[in-house]
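The values are calculated or read from the model by the stated rules, or taken from the named source; none is laboratory data. The structure presented is a predicted model; accordingly, all values stated were derived computationally and were not measured. FYI the Cβ positions are ideal-geometry reconstructions off the backbone, even for glycines, and counts take in every protein chain you see.
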Amino acid sequence: MIEQDLNSLKLENQLCFPIYVLVRDIVNEYRPLLNELDLTYPQYLVLLVLWETDDMTVNQIGEKLFLDSGTLTPLLKRLEQKKIVTRVRSKKDERVVKIKLTKHGKDLQAKACEVPSKLAEKMNVSMEDLMDLRRIITKIKSK
């Protein structure tokens, strides 16, 4: 019984470790692709949200990305410095900050369209395989 318990603690038997390594590897594969767009991976995630629905509050973006405003604020300031988004305080409630894409931010979307397929190519897997992996992860995450 103790032998079995000890085996469950081996690194090779952990589900979390290969997932951790895979996430790190995927983010590293994104880096050169996003460098071409002058974006970091977290900035890219913010843009994915805004390309889907422009003109959102910081809190709405945070809900989509599971990030708090303390993490998002410096990211959004940097995107504003790059003239990719604008940040405007609500006239009704100054605590609310709305984020909107600039023309440059909207134009980046066309360039970013190649990122997913280039990533799949670099990882030597099909888009179908990546979608299967995403489906399984989403299934696990929703439990």
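For the stretch 122-143, the set of residues classified as surrounded by 10 or more Cβ atoms within 10 Å (Cβ to Cβ) and of a type in the set (G, A, S) consists of S126 only.
The residue list L47, L6, L37 contains one member that is under 15 Å from P116 (Cα atoms) and in a helix (DSSP H, G or I), which is L47. Right, D93: among the acidic types (D, E), more than 30 Å from E121 (Cα to Cα) and not in a helix (DSSP H, G or I) or not? So D93 fits the description; yes. Comparison of A110, A120 shows that the only residue that is free of Cβ contacts under 8 Å to residues at least 40 places away in the same chain, out of contact with any Gly (no Cβ under 7 Å at 6 or more places or on another chain) and either under 15 Å from W51 (Cβ atoms) or among the basic types (K, R) (or both) is A110.
Considering each of Q14, Q81 in turn, give the residue that is without any contact (Cβ under 8 Å) to a residue 60 or more places away in the chain, under 21 Å from I137 (Cβ atoms) and more than 15 Å from the chain's Cα centre (by Cα).
On the way: Q81 fails: under 21 Å from I137 (Cβ atoms).
Criteria check complete, one pass: Q14.
Does K103 satisfy being farther than 17 Å from T40 by Cα, surrounded by fewer than 16 Cβ atoms within 10 Å (Cβ to Cβ), of a type in the set (D, E, K, R) and modelled with pLDDT of 95 or more? Here the answer is yes, as K103 does meet what is asked.
Taking each residue of the stretch 35-58 that is in contact (Cβ under 8 Å) with a residue 24 or more places away in the chain and farther than 15 Å from S69 by Cβ and looking for partners that are among the polar types (S, T, N, Q) and surrounded by fewer than 16 Cβ atoms within 10 Å (Cβ to Cβ) with beta-carbon atoms closer than 8 Å, six or more apart or interchain, yields L47/Q109; W51/Q109. Being among the aliphatic types (A, V, I, L, M), at pLDDT below 95, touching a helix residue (DSSP H, G or I) at 6+ places or on another chain (Cβ under 9 Å) and surrounded by 15 or more Cβ atoms within 10 Å (Cβ to Cβ) is the requirement here; does L119 meet it? Against the criterion (among the aliphatic types (A, V, I, L, M), at pLDDT below 95, touching a helix residue (DSSP H, G or I) at 6+ places or on another chain (Cβ under 9 Å) and surrounded by 15 or more Cβ atoms within 10 Å (Cβ to Cβ)), L119 qualifies.
Among residues of the stretch 17-29 that are under 16 Å from V125 (Cα atoms), none has a Cβ under 9 angstrom from a residue that is acidic (D, E) and at pLDDT below 90 at a sequence gap of 6+ or on a separate chain. Within the stretch 72-86, being under 11 Å from L101 (Cα atoms) and among the basic types (K, R) holds for one residue alone: K83.
Looking across K83, K77, one residue alone is assigned to a loop (DSSP other than H, G, I, E, B), modelled with pLDDT of 95 or more and not hydrophobic (A, V, I, L, M, F, W, C). It is K83.
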